[in-house]
Amino acid sequence: MRLNYILLVALSALPPCYSYQAVVVTRVADLVGEPFVPPPTTKNSAHSVKKAYQKLTVTNRPNKSCLRIHQLLFNELVDIIDERDHQVCLTFRGVLCQTPATTEPQTTFWSLKSNFVRTDTLPEDIRAAIPPPIDFSNPLSTNREHIIGLAKPWYDATSKHTFSVGTRFVAKKRTSKKSTTKQCTVTIVNPIKKLSYHVNIPTAVCMKDSQRNKRHAFINILKQWAHESTPIPYVLGGCSYVPSPHPHLITPFCGFDCSGLIVRAAQLCGLPYFFKNTYTIEHNAQAICPDQAKNGDLLWLPGHVMIISDLKNNLLIEARGYDHGYGKVHEIAVHNVFENIANYDDLMKAIQTHTPLRRLNSAGKPIGNHTLVKIFKLPIN
């Protein structure tokens, strides 16, 4: 009897075991690599942790020990494996993220617990209206039937929320042969209130799974984002866009970094693309010779990646950081990106001959010296 009592006490001292599926219920959720630890003297740990996430920087400043790695969007599914200090440790396989420290993909992240609701608490019809997850181990997971993604931010009058580009919804199956080209009917779930409803979204803001020329769709979406009337801001680790008159005052900060821009646009178009940082791109994407480059292929150099958007007119698209005087997503002529490069012919020749390239900042001043520049092929299903 005493042995059983000792065993019971020992088991009760162990931390609780968590393993459950959850869905994102906020429009954007920041992911970090390590949990924030509230100061020992704090009286309100929940407030302290929330403030820590709100202070996640938009750029890679010195002495920042915890940085944003990725951003989840409303309706995305994760697996929760631990909880601590009002945060959850989760596994997410929608993007492939590797670092020089390990070749193993990083699939474990931390986020605020308030960003999620357990799916096992939801009725079956609500769970069925949540899009299946994207998984880098399944190249076809980005291209599913009856899934609608947002190519533009969209305001839902019922929930009074503006959803980010890239947010995915389950399309309602048509019950008649009559179709409309002006709107798509989708199911929106409210996991907190445990209800769902159907709404019509204009097709102008939607991306369907039936896109035939996905490379063309990929370029068109990027051009659209690069020419917004109010530029989309650069956000380190960012993978979202919700317009705001004060983008650096409302958290989570919405915007893109160079690799987040590509992965969000590519997956929205149904492309089997999962690479979340430039290291992962270099070690997983297919390198091609400069003379094989097409619009939509990637122009890579250490720590940065750009998209060849218009070979004929010598344009590229990128999310460029604040340290170069930009801090936004834009389409720009190659002669304004590289010193002594007038067009793509010059650029491809320099890459082919391993001629050092120097990038230009917004003031036209040369920055850095790059001898390793590569072209990677945009993967197509």
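The values are calculated or read from the model by the stated rules, or taken from the named source; none is laboratory data. Predicted, not measured: the structure shown is a model, and the values here were computed from it. Counting neighbours? That spans all protein chains shown, and the Cβs are built from the backbone with ideal geometry, glycine included.
Details
- Residue satisfying condition, being without any contact (Cβ under 8 Å) to a residue 60 or more places away in the chain and either among the aliphatic types (A, V, I, L, M) or under 24 Å from Leu96 (Cα atoms) (or both), within set Ala287, Ala293, Ala319, Ala363: Ala363
- Being touching a strand residue (DSSP E or B) at 6+ places or on another chain (Cβ under 7 Å), of a type in the set (Val, Ile, Thr) and closer than 21 Å to Leu271 by Cβ holds for only one residue in Thr142, Thr107, Thr91, and it is Thr107.
- The listed residues are Ile332, Ile341, Ile380, and the only one of them that is among the β-branched types (Val, Ile, Thr) and either outside the structural domain of Phe275 (by TED's automatic domain parsing) or touching a residue at least 60 places away in the same chain (Cβ under 8 Å) (or both) turns out to be Ile380.
- Meeting the requirement of 2 or more residues that are not hydrophobic (A, V, I, L, M, F, W, C), the strands (runs of 3 or more DSSP E) wholly within region 60-165 are 68-73, 77-84, 87-91, 108-112, 154-156, 161-163.
- Unmet requirement for Leu140, which otherwise passes all of (1) surrounded by 15 or more Cβ atoms within 10 Å (Cβ to Cβ); (2) farther than 22 Å from Cys254 by Cβ; (3) at pLDDT 90 or above: (1)
- Among the residues of region 339-378, those that are part of a loop (DSSP other than H, G, I, E, B) and closer than 14 Å to Gln292 by Cβ comprise Lys377, Leu378.
- Residue within region 125-132 that is under 27 Å from Leu268 (Cβ atoms), surrounded by fewer than 20 Cβ atoms within 10 Å (Cβ to Cβ) and assigned by TED's automatic domain parsing to the domain that holds Ser45 present: no
- Out of Ser196, Ser164, sole residue that is small (Gly, Ala, Ser), at pLDDT below 95 and either more than 25 Å from Arg264 (Cα to Cα) or touching a Cys at 6+ places or on another chain (Cβ under 7 Å) (or both): Ser196
- Taken across region 322-337, residues that are modelled with pLDDT of 95 or more, within 21 Å of Thr353 (Cα to Cα) and aliphatic (A, V, I, L, M) do occur, with at least one present.
- The residues listed here are Thr142, Thr185, Thr121; of these, the one that is among the hydroxyl-bearing types (Ser, Thr, Tyr) and in contact with a His (Cβ under 6 Å, 6 or more places away or on another chain) is Thr185.
- The number of residues in region 323-372 being basic (Lys, Arg) and either closer than 12 Å to Leu299 by Cβ or touching a Phe, Trp or Tyr at 6+ places or on another chain (Cβ under 9 Å) (or both) comes to 3.
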